[in-house]
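The structure under discussion appears below in the form of structure tokens.
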């Protein structure tokens, strides 16, 4: 049988035999057989390498004479005879003479051999002593380094099963070193990305290129609540002949570095969140929008479910003191979730009012003006979070495991609470989260406080403004009328725009449109004073220019107000309309069969300039004519010229027979934009 057949059929089973190791080749172990007379009868190539003599030179030669120094010959002869006589093996080290004349320390193992004829021989196995010492030292060093190293070390075979594990690795997976051998990695290692680790090992075994400092995170079985991090490096193992033995893995615990990096990263995220909140929260003077911005910023970085609830009394700008243990009435302003959750159904929808008893955590938060933190929510805590039993069940189903409520405080007043819940995020709220939530809530509370007071002032001004506008009849003699007033959309501020319809003697009708420059209650009050004065002067049957002259004197006595005004008087008997203009936008006229146009009038100076005359212009009107009076908020924008906008206005007046209410809506919705910053007064009259 050939050597090839031996390799292909070891043991007669046809399986691939294990490849030979290269350790014997490294040691270069020599074998020498000597007969009973001391003559060399077998000589291996390793013996030639060790002693320097070829087989031709050695075979048949007395071994002692070949490489034993004369002074050692008696002792060697005695040992040789003892081995042959007793069969007792002998091991030792003594100097051997090399062919080149040098002396080398050689380590021997000698034993007696018997052949089938009963002849006795001596077998000597020899290796260079210095080489053996070096190998022995290397092995001892490796063993000590591996066993005493604080770094976890594991050797795995090509099948990724453990071959060797040092004691330090026991601290990684809490498994005794001996129990690793023969087991695959995923049975013991507590790392979450074992697929990645196995892929790295296969790559290293295949390519031979090490992979260094690979970052991996896991939770040891003996301490599952603490996350730990390790730096793993992978190296391929080969024997001296180049045969791949497997791979080595080193585990360096970098948990402290990991935690420090995580803390720094968390700090950066928190600072970024605060910076983001400074630009995103409070962009408008609307309470609901501010609350919604706060909830958006806090989700999901701070909490999985976020609610913003404001005390109804605070929202109404009432400072009613309540008993510290009593219930509170909250209005839900915002509700956000990082993902669909049953906790959303447990919360109050935005806009709803909800009463929470004094034992509820959110009520405790506003009563004490202090954060309420429940790191680990238990069954006894949920009823104090939910508004009722059904909400409590929904919170439990959603998996709420940590809860935090912080007060919304502005200028020392508690406005409400920021309500935070964690469901999917496994980390409970901590003191750092409390600090961050207080920072966000503080910024938002100031914006909410500004918005609620602004809305209160705005509502007051709007109420005043609307109370001062006339409730005129839709029909006057010879006229059909329609009107509109719309506050500014972008700023939610109330201005001083107004219109009026005044019945006069002899079936005449005065049509008035004016605009007090400015916003707020003062502008609305000034508008009311001018409207009252206009009514008084209209009863004197003065021409429009004279009326504006008297209004100008009154305006000059007011505090730095400038007012534009258009005053017109229509006489149905003569079909004439007398008009005077004090710096106001020109009225538009739409006549059936003709293109709409702007009436060309002397513009005059605004009221309040003083000392400027106002001219009265007479315009002939016919039945079916449509006259449109308006304030500049209808046509002025920041991005278009006034001439272009007036052309657009005229374009909407192409059908003078259109119903007046429809015409008003068409003008408002066709010309107004959500970003417009001025209010509008609109008065439309059709001659009949």
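Check whether at least one residue in region 177-184 is in the same structural domain as residue 233 (by TED's automatic domain parsing), at pLDDT 85 or above and closer than 22 Å to residue 213 by Cβ, and report yes or no. No, that holds for no residue. Give region 540-555 a look and list any residue that's in a loop (DSSP other than H, G, I, E, B) and under 19 Å from residue 629 (Cα atoms), or say none. Selection gives 543 alone.
Only a single criterion out of (1) farther than 30 Å from residue 138 by Cβ; (2) free of Cβ contacts under 8 Å to residues at least 40 places away in the same chain is not satisfied by residue 36, namely (2). Quick check, is residue 338 surrounded by 13 or more Cβ atoms within 10 Å (Cβ to Cβ), touching a residue at least 40 places away in the same chain (Cβ under 8 Å) and in contact with a helix residue (DSSP H, G or I) (Cβ under 7 Å, 6 or more places away or on another chain)? Against the criterion (surrounded by 13 or more Cβ atoms within 10 Å (Cβ to Cβ), touching a residue at least 40 places away in the same chain (Cβ under 8 Å) and in contact with a helix residue (DSSP H, G or I) (Cβ under 7 Å, 6 or more places away or on another chain)), residue 338 does not qualify. Counting only strands (runs of 3 or more DSSP E) that sit completely within region 556-652, zero hold 1 or more residues that are closer than 27 Å to residue 535 by Cα and outside the structural domain of residue 507 (by TED's automatic domain parsing).
Which pairs do you get when a residue that is part of a loop (DSSP other than H, G, I, E, B), found in region 113-131, comes within reach of a residue that is at pLDDT 85 or above, reach meaning Cβ atoms under 9 angstrom, with the pair 6+ apart or on two chains? If the second residue must be at pLDDT 85 or above, the pairs left are 115/121; 119/35; 119/36; 119/113. Scanning region 555-581 for residues that are surrounded by fewer than 19 Cβ atoms within 10 Å (Cβ to Cβ) and within 60 Å of the chain's Cα centre (by Cα) returns 556, 557, 558, 559, 560, 562. Selection over region 163-180 of residues that are closer than 25 Å to residue 244 by Cβ and part of a loop (DSSP other than H, G, I, E, B) gives a count of 2.
With the structure loaded, tell me whether residue 248 is outside the structural domain of residue 440 (by TED's automatic domain parsing), free of Cβ contacts under 8 Å to residues at least 60 places away in the same chain, over 17 Å from the mean Cα position of the chain (by Cα) and on the phi < 0 side of the Ramachandran plot or whether it fails that test. No, not satisfied. Among the residues of region 390-402, are any surrounded by fewer than 19 Cβ atoms within 10 Å (Cβ to Cβ), assigned by TED's automatic domain parsing to the domain that holds residue 285, at pLDDT below 90 and in contact with a helix residue (DSSP H, G or I) (Cβ under 9 Å, 6 or more places away or on another chain)? No. Residue 496 satisfies every condition listed in (1) modelled with pLDDT of 90 or more; (2) within 60 Å of the chain's Cα centre (by Cα); (3) under 18 Å from residue 605 (Cβ atoms) except (1).
For residue 347, state whether it is touching a helix residue (DSSP H, G or I) at 6+ places or on another chain (Cβ under 8 Å) and at pLDDT below 90. Yes. Exactly one residue out of 124, 101, 92 is loosely packed, with under 10 Cβ neighbours inside 10 Å and either more than 22 Å from residue 65 (Cα to Cα) or modelled with pLDDT of 80 or more (or both): that is 101. Kindly provide the set of residues from region 211-242 that are under 30 Å from residue 27 (Cβ atoms) and either at pLDDT below 85 or not assigned by TED's automatic domain parsing to the domain that holds residue 162 (or both), ordered by number. Of everything in region 211-242, those that are under 30 Å from residue 27 (Cβ atoms) and either at pLDDT below 85 or not assigned by TED's automatic domain parsing to the domain that holds residue 162 (or both) turn out to be 239, 240, 241, 242. The selection criterion, being in contact (Cβ under 8 Å) with a residue 12 or more places away in the chain and surrounded by fewer than 16 Cβ atoms within 10 Å (Cβ to Cβ), does not hold for residue 173.
So how many residues does region 582-617 have that are farther than 24 Å from residue 507 by Cβ, buried (at least 19 other Cβ atoms within 10 Å of the Cβ) and over 60 Å from the mean Cα position of the chain (by Cα)? Here the count works out to 1. Residues in region 365-389 that are surrounded by 13 or more Cβ atoms within 10 Å (Cβ to Cβ) and free of Cβ contacts under 8 Å to residues at least 12 places away in the same chain: 383 alone. Among helices (runs of 4 or more DSSP H) entirely within region 1-76, having at least 1 residues that are within 19 Å of residue 89 (Cα to Cα) and at pLDDT 85 or above singles out 63-67.
The values are calculated or read from the model by the stated rules, or taken from the named source; none is laboratory data. As the structure is a computational prediction, the values presented were derived from the model and not from experiment. Don't worry about glycine lacking a Cβ; one is built from the backbone with ideal geometry, like all the others, and counts go over all protein chains shown.
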